[in-house]
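What follows is a short report on a single structure.
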Number of protein chains: 2
Amino acid sequence: MEKNLKIAVVGSGAIGSYYGGKLAAAGYDVHFLMRSDLAVVKNVGLKLREATGETVIPKVAAYASTQEIGSCDLVLIALKTTSNEVLKTLIPPLLKSNTTLITFQNGLGNEAFLADLFGKERVMGGLCFVCLNRVAPGVIEHYGHGALAIGEFCGEPKARTDALVAAFKEARIDARTTQSLERERWRKLVWNVPFNGLSMAAGNVTVDLILTDPGLLQLTRQLMEETIEAAARLGYPLPPELIDQQIERTWSMGAYKPSSLIDFIEGRAVEVESIWGEPLRQAKNAGASVVRLEMLYVLLKKLTAHHP
Amino acid sequence: MEKNLKIAVVGSGAIGSYYGGKLAAAGYDVHFLMRSDLAVVKNVGLKLREATGETVIPKVAAYASTQEIGSCDLVLIALKTTSNEVLKTLIPPLLKSNTTLITFQNGLGNEAFLADLFGKERVMGGLCFVCLNRVAPGVIEHYGHGALAIGEFCGEPKARTDALVAAFKEARIDARTTQSLERERWRKLVWNVPFNGLSMAAGNVTVDLILTDPGLLQLTRQLMEETIEAAARLGYPLPPELIDQQIERTWSMGAYKPSSLIDFIEGRAVEVESIWGEPLRQAKNAGASVVRLEMLYVLLKKLTAHHP
């Protein structure tokens, strides 16, 4: 991908700031739409703290509106899915005829939402397997992992898919092309459904406390089984050994707070519909038995009802 | 039952104070073991606030130890089940050869616990269908209902069963004899499992908020179905129309906080084992499908883990 391609990042939380920041640090022309962090980032830049050291991007092109950014070649969308409605007004100023939209958002339904609004040919998706937190305005801490799986909303990977993967690799991101974005999204849900969900439903517990409680660990496995069964019925078979792999991987995270738990504790909106609601609806339509997922969804919906 | 029979009440929270207080007001010789409310009750007595007016029992025989009470004819046990271990030392000073023990405690396993310690012939149980709160030391508010079902731990009702029912009736309690205490306990669990449980698991919600949330109302019905299935497998068939009856009855309670929710909010121990743990274990042993009950138990156990 040529470095003079103009990239916009819409939604500059941890995910948007991290992946956009990595691209900017690698020399790409990245423009960030920011809200709360705008003034700080304009003054002192972005900081990405990783085990390998801190990357500072001192001069960041940060904006308060997409009108100021103007039309782009690529728009990386990392807004919370609970704010998807505002994309209807945020995206149009960034569009020209061949602008590509890639959503790094959580859960299911986001590509379809963009496709309905702006045309399906534009739409790509990315799955982020990463532990990040925004610890202060413009400061992102990276706790591990970071792999990206990038795919097309419609059909097989294209030249642009591979070009974007190559760009992220150049920015030292472990990126790869996926043949099936939807299958990858279900693969990620196998982790997010239990760990993000139970971290809230069991009373604000970090993932290590889920792993060390025998009842919660068994429930985690059962929720993973339900998610894998739902994915299989929808035509996205996942290997059963994924359960052990995901649980093994989680042990290495220590007292990690899933992103939903952080939102929950801080009183912010939680992505209940994209992580639990839409998967539940698709699973039930496909005839999967998802009793625990349904119960978790019902509880989480009420638990988060008063979050804005 | 003769009024000179000596009765002890062990556990003088809302339930013990209310039913013991009603007996005392009717002229029975009732002795209350008290802890936090002892000084206040000794000074100003017990107050029972009901829709029909306030009953004041100005002179209450209240004690700090069962040694001071001494041997009794009848011991009414209304301690929280989370404190059952202390019954091992609280009960012996109250016993003579023919002392009857009746437990008004929640959930399953309490009669068996007493029978193992003090002999099964002594043991009776009572089910309280009532809405009560202790609103201040020595002050019990009654919000509705009040029916008592009284039965024997071993076998059919006896003369003493009917005598105790008659005594409660004289104290203006809607009491009746039950042929099967265990079946009554399961009947009560049909309400307690969902409403006490979901009021905590859905984020401290009163029962009206459960009824008005379509997802939680459906989950309530499903938990009731699981409880009824478990009871049936254990030999205690309950009518399926109980579900509609219980839900109908709950609408009349308004913004009622189940007793477990009050304990939970105030940071006190919650009776997780007797209301969810023991029923779950019995249900699974009997081969019942209780997926939601199991998930609820796992969540509640963790949610309440830091309560003393």
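The values are calculated or read from the model by the stated rules, or taken from the named source; none is laboratory data. Everything numeric here is computed off the predicted structure, so don't read it as measured data. Methodologically, a virtual Cβ is constructed for each residue, glycine included, from the backbone with ideal geometry; neighbour enumeration extends over all protein chains shown. For accessibility, only protein heavy atoms count, side chains too; no ligands or nucleic acids. Shrake-Rupley method; radii C 1.70, N 1.55, O 1.52, S 1.80 Å.
Which residue out of B:Glu182, B:Glu156, B:Glu152 is over 21 Å from B:Gln282 (Cβ atoms), acidic (Asp, Glu) and away from chain A (no Cβ under 14 Å)?
Within the list B:Glu182, B:Glu156, B:Glu152, the selection yields B:Glu156.
Would a scan of segment B:261-279 turn up a residue that is away from chain A (no Cβ under 14 Å), assigned to a loop (DSSP other than H, G, I, E, B), surrounded by fewer than 19 Cβ atoms within 10 Å (Cβ to Cβ) and at positive phi?
no
Six or more apart or on different chains, Cβ under 8 Å: which pairs go from a residue in segment A:223-247 that's not assigned by TED's automatic domain parsing to the domain that holds A:Asp208 to one that's loosely packed, with under 12 Cβ neighbours inside 10 Å? Could you list them?
Pairs that qualify, where the first residue is not assigned by TED's automatic domain parsing to the domain that holds A:Asp208 and the partner is loosely packed, with under 12 Cβ neighbours inside 10 Å: there are none.
Within segment A:293-306, take every residue that is in contact with a helix residue (DSSP H, G or I) (Cβ under 7 Å, 6 or more places away or on another chain) and open to solvent by 40 Å² or more (accessible area, probe 1.4 Å) and give me the one that is nearest to the other protein chains (Cβ to nearest Cβ).
That would be A:Lys302.
Just the residues that are assigned to a helix (DSSP H, G or I), within 14 Å of chain B (Cβ to nearest Cβ) and surrounded by 20 or more Cβ atoms within 10 Å (Cβ to Cβ), please, taken from segment A:280-292.
Hits for segment A:280-292 are A:Leu280, A:Arg292.
For segment B:133-247, which fully contained helices (runs of 4 or more DSSP H) count at least 3 residues that are touching a Pro at 6+ places or on another chain (Cβ under 8 Å), open to solvent by less than 30 Å² (accessible area, probe 1.4 Å) and under 22 Å from A:Arg292 (Cα atoms)?
Because the criterion is at least 3 residues that are touching a Pro at 6+ places or on another chain (Cβ under 8 Å), open to solvent by less than 30 Å² (accessible area, probe 1.4 Å) and under 22 Å from A:Arg292 (Cα atoms), the helices (runs of 4 or more DSSP H) in segment B:133-247 that meet it are B:181-201, B:214-233.
Can you list the helices (runs of 4 or more DSSP H) found entirely within segment B:1-85 that contain at least 3 residues being surrounded by 24 or more Cβ atoms within 10 Å (Cβ to Cβ)?
B:14-25
Collect the residues in segment A:61-95 that are hydrophobic (A, V, I, L, M, F, W, C) and free of Cβ contacts under 8 Å to residues at least 60 places away in the same chain, keeping them in residue-number order.
Answer for segment A:61-95, where residues must be hydrophobic (A, V, I, L, M, F, W, C) and free of Cβ contacts under 8 Å to residues at least 60 places away in the same chain: A:Ala61, A:Ala62, A:Ala64, A:Val86, A:Leu95.
Could you pull out the residue among B:Val130, B:Val123, B:Val86 that is modelled with pLDDT of 95 or more and under 17 Å from the mean Cα position of the chain (by Cα)?
On inspection, the qualifying residue turns out to be B:Val123.
For the structure I just gave you, tell me whether A:Asn98 is in contact (Cβ under 8 Å) with a residue 12 or more places away in the chain, surrounded by 20 or more Cβ atoms within 10 Å (Cβ to Cβ) and not β-branched (Val, Ile, Thr).
no
If you check B:Ala255 against the conditions, is it surrounded by fewer than 23 Cβ atoms within 10 Å (Cβ to Cβ), more than 20 Å from B:Asn110 (Cα to Cα) and either within 12 Å of chain A (Cβ to nearest Cβ) or in contact with a Gly (Cβ under 6 Å, 6 or more places away or on another chain) (or both)?
Spelling it out, it is not the case that B:Ala255 is surrounded by fewer than 23 Cβ atoms within 10 Å (Cβ to Cβ), more than 20 Å from B:Asn110 (Cα to Cα) and either within 12 Å of chain A (Cβ to nearest Cβ) or in contact with a Gly (Cβ under 6 Å, 6 or more places away or on another chain) (or both).
Which of the residues belonging to segment A:293-308 are among the aliphatic types (A, V, I, L, M) and either in contact with a Phe, Trp or Tyr (Cβ under 8 Å, 6 or more places away or on another chain) or not in a helix (DSSP H, G or I) (or both)?
A:Leu293, A:Leu296, A:Leu300, A:Leu303, A:Ala305
List pairs: first in segment B:132-146 and outside the structural domain of B:Asn196 (by TED's automatic domain parsing) and closer than 14 Å to B:Lys22 by Cβ, second among the polar types (S, T, N, Q) and open to solvent by less than 30 Å² (accessible area, probe 1.4 Å), Cβ under 7 Å, 6+ apart or cross-chain?
Once the first residue is outside the structural domain of B:Asn196 (by TED's automatic domain parsing) and closer than 14 Å to B:Lys22 by Cβ and sits in segment B:132-146, its partners that are among the polar types (S, T, N, Q) and open to solvent by less than 30 Å² (accessible area, probe 1.4 Å) give B:Ile140/B:Ser17.
I'd like to verify a number: residues in segment B:123-132 that are open to solvent by 10 Å² or more (accessible area, probe 1.4 Å) and either among the aliphatic types (A, V, I, L, M) or farther than 13 Å from B:Met253 by Cβ (or both), how many?
2
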